[in-house]
Each structure stands twice: as C-alpha cells, then as structure tokens.
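So the structure is just underneath, and the comments pick up after that.
Just so it is clear, none of the values below were taken in a lab; they were calculated from the coordinates. What you see is a predicted model, and the numbers here were worked out from it, not measured in a lab. A quick note on method: Cβ atoms are made from the backbone with ideal geometry, for glycine too, and the neighbour counts reach across all protein chains shown.
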C-alpha cells in the first residue's frame, strides 16, 4: 500500500491514502506502546479535544474525533507562525529572499533609519527584533486596521538581535515581506504554492481590515492537513520525490534560533526528552529588576519555595494549584506585561531535544518526533459561549507524544 521515501519514513502517497480514515491501526504496536497511545487519545477526549491524530511513518495509528468524524478546519492560533516559517523557506529557495540575514529595510525602505535598519528577517523568526510589543493581541493588534503598518510604526524597545521576546507584532511583518517578495498576498502565495503542492485545503485565513492575512495566527486547517505540514517537516521538506522546502532550511528552522531561548527555533518550539523543574530563589531578584510589584514577588517566592515538578504539565498544574484565582494576576504581570515566561522561575534539568512543536492558544499542536517517525496533531475549537477549562489546554500533549516514542523503543526512557 505504501513504500519508503527515505530511511524509515513512509511515503507521502501513503499519507494521502491513510489520513482519510480515522480508524486506529495499532496492531503492530507493543503492549507498552499501545498503552501509551491509548493514554494519549483518552486524555484528548478528557480535555475536550475536537481532533487528535497520530501518524507513524506516515500512517494513521490512532485518532480521536469529538463528534465521531473529522471536524471542519480549526484555526491553528499561534501554530500558524510555524506554517509561515515554511513559506519563508520556500522564498529563500526561489530567490525572493536573499538570506535570513537580509535586512527588513530591503523590503521597507522607511526602515533605513538608525536602529531599525539592523532588523533582519531572521530576527522576526526568532523573536529578537527588539520591536516594542503588547503581549495580548486583543489589546493592540486586532483593533488595528493594518497589522503590517502597526509593526512598521513600532518603536524599538531593545537593540535588534539582543533579546528574546515573543512578539506577535513583529511576526506579522512576515506577511508583508512574503507579499513583497512573491508579488502575492500571503494567503494566495500559500494556496498557489505549498498548500497546492501538498494537497492542503485551507479555509479562509483571518485578515485585518486592510486585507493582510495575519502571520501570528488565523490559519484554519483540518487535522489531516495539519498532519501533512508535520509530515513535511519530518521528511525535511520533501514530498512525493520533490523538495518543496530546502532540507538545510528545515534543519536551521528546528535548531536553536538565538542565545536567549534554547527552547525556540525559527517559529518552531524545541522540546527535550524530559524536564525537571526546581524553583530558583534567585528568580525573585529578576522579578524585582523587571518591575514586578513587590507584593507579587513575595507571593510567588512564598508559594514556590522548595517546589519541584517533573515535566511541563506538572509545572503548569502546580502553578495553577498554588495560585488558584490569582493565576490570572501572575499571568498578566509576568507574561503579558513583561514577557517573563514561567520557565524563568526555575532551574531546569532537561534531556536532549527530541521533538519539535507548533503550538497555539487553547492547545493547538503539531508535534514532530523525527527519531520515532511520529507526527501528532491536537485541535480544539474556540467556543463563544463556553469558558476554557484548565484541562482543555492539554499541556502535556507533546510530553505524551514523547512518552509514546519512548514506549516504542525509539527514544531513551526518562531518568
């Protein structure tokens, strides 16, 4: 039914044939691997997922759909960024972008001023542009009539390339760069190019009032099409004997993208085999330096003194348990106002990077584990009348995919 493309990876033809069938095909799995897969899918159900899909060597080995059948395309939220990165890779191959280190000012001459002239395409991809940014897109970006012009008009808050700061505003500039480099709006560029080549049927991309598709979010895909994106990354940009994205770009995209955040590549997240968290008492000084109110610094220091967590999900659950309703205040003061992620509160012992992740609000995931030949997708639709519950985010989805790879004997077990 299918043949190998390269190494252990199944062909894209098999992917096309099997993605349409949401039946679990896990007969070849060991009892340990089957149990890990069952646990992953069951937590998908418990966390109110709309879709969970797991591929091994391009074949569907497990799936869950909330309504029994694959749902309509669901917005990827910030996982959209990871798809946009692949478009940049194609433009590099086509010559529309000279290199990742090409100045943004080549596309927007108004940036040939002191400071902004040093911002490069790479800095938009690795969150080091230095552009001032409000973390909540609903406060600044969505109300703006033109997201690209909003980014162009932003002042610099730090020296370009000097500091990692997750930046939706800066990422939206990629939509403008893609249009200038390709001569097409970003959505048309993808529909005529990568999506057409992969057979991806994207729903309408969310746009600002000026007609710019957002690069930070807004792309709806089906679970099967999201898996096609993951499989393309797993196969290092190759599909049906064609190199759609340069393999060298895929490698660079998944490598550490900057000095300040080893967990981030170029709009893809890098996940280690394990993570053990121990609260760092010295983080209180860092919080004070960043201007966090003293009362909150003391509350955090008191609540987390001596805390240890095994895994990302346990860490997030532990924060929620310790702060309860105060968690919203912690999130606003640290993440939304100052860009301080919870990882910075801890000393972290972690294993080697084994998985790569596109991740978005509410718990949208595309996870790739190259050593195991695994691609996994999780989707949950936003609901106008239903408040998200803590479990809905499925924060340990990637951890469970890694656990499946370990149970399959493809990765070393956790220490």
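Quick notes
- Options [x] 31.0; [y] 22.3; [z] 19.6 - which one matches mean projected area of the Cα convex hull in nm² as calculated here: [z]
- Annotation: for a label point projected 7 angstrom from Cα along Cα→Cβ of residue 132, residues of region 153-179 with backbone N closer than 19 Å are 153-173.
- For the pair residue 302 and residue 248 in one chain, pulling the backbone fully straight at 0.36 nm per residue adds 14.8 nm over the alpha carbon distance.
- With the helix formula -39500 (n - 2.57) applied to DSSP H stretches of n ≥ 4, the chain reaches a computed 222 nm mean residue ellipticity of -9500 deg cm²/dmol.
- Gyration tensor (alpha-carbon) shape descriptor, region 75-220, a/c threshold 1.5: oblate
- Packing-based exposure ordering (other Cβ within 10 Å, fewest first) of 122, 344: 344, 122
- Three-way shape call for region 297-415 based on the alpha-carbon gyration tensor, with the a/c threshold at 1.5: oblate
- Computed from the C-beta positions of residue 149 and residue 42, the FRET efficiency with R₀ = 60 Å rounds to 0.80.
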